[in-house]
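Values in this text are rule-based calculations from the coordinates and carry no lab data. A quick note: this is a predicted structure, and the numbers were derived from the prediction, not measured. So basically every Cβ, Gly included, is an ideal-geometry build from the backbone, and we count neighbours across all protein chains shown.
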Amino acid sequence: MPETDLLPILLVPDTRLRTKCRAVGPQDADAVRALAPRMLATMYKAPGIGLAAPQVGDLLRLVVIDLQPDEKPDPMVLVNPEIVAASEELATREEGCLSLPGQYADVTRPAKVKLRWLDLEGGKREITADGLLATCIQHELDHLDGVLFVDHLSALKRNMMLRKLAKELKARARDA
Ligand code: K1U
Ligand code: ZN
């Protein structure tokens, strides 16, 4: 995919990252088929293991994920994804976010989730995920509701991370 097809990734505090996204409908089919490959290319280039449409300014319930465990592409495109069950068991894992570059923190979430979504052809899909995939699914679905991983931290930790990021982005803009 040419560089020009890559999409700029929005950074905190862009208000689009705090907006609840609307469901994809039949009228969005062409737009979603065009957007999904560009989101995947943008995610691979970043690099990241997931990307949600609001991170590229599209307020639609669309997510792409590829954990690339063996560095072979294995992309998932999730249209209108929904977590329909979550385990009581919790797991803590370090998370990062392409919209908060350089910021990482341990987040505790359900260890296992059952996910339902539509694929690009409109087919109904369902999986039960655990490990990094369960974490990534929950992180990306949070984006669709305007929630960021720092919202799962204490107010003290969250504010420290957001202030540090604001400082780093200001320095980056000054040095550019
Ligand atoms: O949503 C995003 O901003 C993408 C984010 C997803 C994510 C990472 C870690 C835990 C939960 C969700 C990222 O991909 S951050 C970059 C990253 O984790 C990574 C980058 C290269 C190789 C492996 C991981
Ligand atoms: Zn993120």
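A few remarks follow.
- Cβ pairs under 9 Å, 6+ apart, first in the stretch 42-63 and part of a strand (DSSP E or B), second basic (K, R) and away from ligand 2 (no atom under 12 Å from the Cβ): A52/R61; L60/R22
- V77 away from ligand 1 (no atom under 14 Å from the Cβ), surrounded by 14 or more Cβ atoms within 10 Å (Cβ to Cβ), within 17 Å of the chain's Cα centre (by Cα) and touching a residue at least 60 places away in the same chain (Cβ under 8 Å): no
- Taken over the stretch 134-162, the criterion of being under 17 Å from L17 (Cβ atoms) and more than 16 Å from ligand 2 (Cβ to nearest atom) is satisfied by N159 alone.
- Per the listing D142, D119, D106, the residue uniquely of a type outside the set (K, R) and touching a residue at least 40 places away in the same chain (Cβ under 8 Å) is D119.
- Within the stretch 92-143, the set of residues being assigned to a loop (DSSP other than H, G, I, E, B), within 25 Å of R158 (Cβ to Cβ) and more than 8 Å from ligand 1 (Cβ to nearest atom) comprises P101, G102, Q103, Y104, A111.
- Answer residue from the stretch 36-51, given it is closer than 17 Å to A134 by Cα and in contact with a Leu (Cβ under 6 Å, 6 or more places away or on another chain) and is farthest from ligand 2 (Cβ to nearest atom) among those: I49
- Subset of the stretch 129-176 that is touching a helix residue (DSSP H, G or I) at 6+ places or on another chain (Cβ under 9 Å) and among the β-branched types (V, I, T) - its residue that is nearest to L100 (Cα to Cα): V150
- Scanning the stretch 54-65 for any residue that is of a type in the set (A, V, I, L, M, F, W, C), more than 25 Å from M160 (Cα to Cα), within 9 Å of ligand 1 (Cβ to nearest atom) and under 16 Å from the mean Cα position of the chain (by Cα) turns up at least one such residue.
- Among the candidates P110, P101, residue that is surrounded by 13 or more Cβ atoms within 10 Å (Cβ to Cβ) and within 15 Å of ligand 2 (Cβ to nearest atom): P101
- Among (1) under 24 Å from L10 (Cβ atoms); (2) more than 15 Å from ligand 1 (Cβ to nearest atom) - the single one E89 does not satisfy: (1)
- Test: residue in the stretch 33-41 that is within 12 Å of the chain's Cα centre (by Cα) and either surrounded by 20 or more Cβ atoms within 10 Å (Cβ to Cβ) or in a loop (DSSP other than H, G, I, E, B) (or both): yes
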